[in-house]
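Have a look at the structure below before the remarks.
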Amino acid sequence: REERIKVWGSSVSTWLFFWSAMLMVFSVVQLRGTGGVIDGGGVGVMRGVRELPDFAKGERVGDYVHRAQDFSIEIFSAPKPFVGEDKDNNERAIRSWLRLKPTPKVTLLGWEVGYDEAAKEFGIGIEKRVDKNFLGVPLFNSMLHRANNSEKLVTVIINGDILLFDDFVQTLRKVLVNFKDFLIVGARYDVDNLPLDSNENDPDYNRKIREHVLNTGTLHTYGGMDVWAWNTDGPRLFDPVMPHFVFGRGKYDNWLTHETIAAGRREVVDVSETCLTVHVKHDYHLVEGGIITG
């Protein structure tokens, strides 16, 4: 009886070893077949992740220069109500977007106090067909759906108080002509305030803001993104149905980045340090419980 138990135990061990080895072989074959690689430590690298070319040496990922001729932008945002300090921050951000060249189409998502007046003053649009939660806060999946229906070549979603400058357009152009399909993500620079002598009509305004931000600002953590941009003539960003994330109160930015990389149909490009996206610090009076959402 003891001999039979030993033989049975030995057979089980042999079969476990065999199937473990087969699973390992299968995993390696599958990883290679889907475009993944194995690094020196035996760790699988997700498909779609690759080293960027050295542009200084003339290296390129692709050659899509012809797309620059059709370059157009639409910026979508769901700002806070245009009241008090928020009104000043929202309007300052919108003015910065409209100074970009080429001038983007700007569309506000949802409806809040002051949207109609802002649309009239700045000549921008409003898309009210956006789902919200029971507190009236827009759902990011609904915002993404509206932005994805843009007729412009590049569509952008940005937080409502983020300032943009010319280097944002320059970055979009560079990505557009080097990658066929892409998703751009970017974190902001936080500053306590803007220079007292800053005047948007001053020809040196951009230079002054840039110097001030780089000297006194802090790049926000990579755990939170404030701008997303992608080409509208490409494939789906991701496969799963996006959960109903509440805008400004969830990890929708991390989810979107991860799922787009996992889908493997677009290059995901982090532009946090290639263009200046500026956020002036403020209180978070609209967030219940004092939770900072960015």
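Note down the net charge around Phe76, summing +1 for each Lys or Arg and -1 for each Asp or Glu among other residues with Cβ under 9 Å from its Cβ.
Taking every other residue near Phe76 into account, the sum is -1.
What are the ³J(HN,Hα) values, in whole Hz, obtained from phi via the Karplus relation 6.51 cos²θ - 1.76 cosθ + 1.60 with θ = phi - 60°, for each residue of the range 96-112 in sequence order, with x given for Gly and Pro?
5, 5, 6, 7, 5, 10, x, 5, x, 7, 10, 10, 8, 9, x, 8, 9
Can you list the residues, at least 5 places off or on another chain, whose amide H is less than 5 Å from the amide H of Ser272, using H built in the peptide plane?
Sorted by chain and number, the residues that satisfy this are Ala187.
Give the lysines whose C-alpha is closer than 28 Å to that of Lys152, dropping any in the same chain fewer than 8 places away, or say none.
Straight-distance partners of Lys152: Lys80, Lys87, Lys101, Lys105, Lys120, Lys128, Lys132, Lys174, Lys180, Lys251.
What whole-number volume per residue, in cubic angstrom, does the convex hull of the C-alpha atoms of the range 152-241 give?
140 Å³
Can you give me the Kirkwood hydrodynamic radius for the range 105-158, using every pair of distinct Cα atoms, in Å to one decimal?
Result for the range 105-158, one decimal place: 11.8 Å.
Tabulate in residue order the Karplus-calculated ³J(HN,Hα) for the range 260-274, using 6.51 cos²θ - 1.76 cosθ + 1.60 with θ = phi - 60°, rounded to whole Hz; enter x for Gly and Pro.
These are the phi-based 3J(HN,Hα) values: 5, 5, 5, 5, x, 9, 9, 7, 9, 10, 8, 10, 3, 10, 9 Hz.
Just to verify a number: FRET efficiency for Lys281 and Asp166, C-beta to C-beta distance, R0 = 30 Å, to 0.05?
0.80
What residues have an amide H closer than 5 Å to that of Leu183, excluding those fewer than 5 places away on the same chain, when H is modeled at 1.01 Å from N in the peptide plane?
Excluding prolines and chain starts, which carry no amide H, the hits are Glu267, Val268, Val269.
In what sequence, highest mean first, do 119-128, 178-187, 153-162 appear when ranked by Cβ atoms within 10 angstrom?
Top of the packing list down: 153-162, 178-187, 119-128.
If I take R0 = 35 Å and measure r between the Cβ atoms of Asp197 and Asp270 in this structure, what FRET efficiency does the formula 1/(1 + (r/R0)^6) give, to the nearest 0.05?
Taking R0 as 35 Å, the efficiency between Asp197 and Asp270 is 0.60.
Please get the size of the charge dipole for the range 194-242, origin at its Cα centre, with Cβ charges of +1 on Lys and Arg and -1 on Asp and Glu, quoted in debye to the nearest 20.
Result for the range 194-242 is approximately 140 debye, rounded to the nearest 20.
Report, to two decimal places, the Cα Rg of the range 87-205 normalised by 2.2 N^0.38 Å (N = number of residues).
Here the answer is 1.15, to two decimals.
Sequence-distant or interchain residues sharing an amide H contact under 5 Å with Ile126, placed H: which?
Leu108
Rounded, prolate or oblate: pick one for the range 143-294, where a ≥ b ≥ c are the square roots of the eigenvalues of its C-alpha gyration tensor, a/c under 1.5 means rounded, and failing that, prolate if a/b is larger than b/c, else oblate.
Judged from the Cα gyration tensor, the range 143-294 comes out oblate (a/c at least 1.5, b/c at or above a/b).
Here, each number is a calculation from the coordinates, and none is a lab measurement. Bear in mind the structure is a predicted one, so any value in this text is a computation, not a measurement. Note that we place each Cβ from the backbone using ideal geometry, even for glycine, and neighbour counts take in every protein chain shown.
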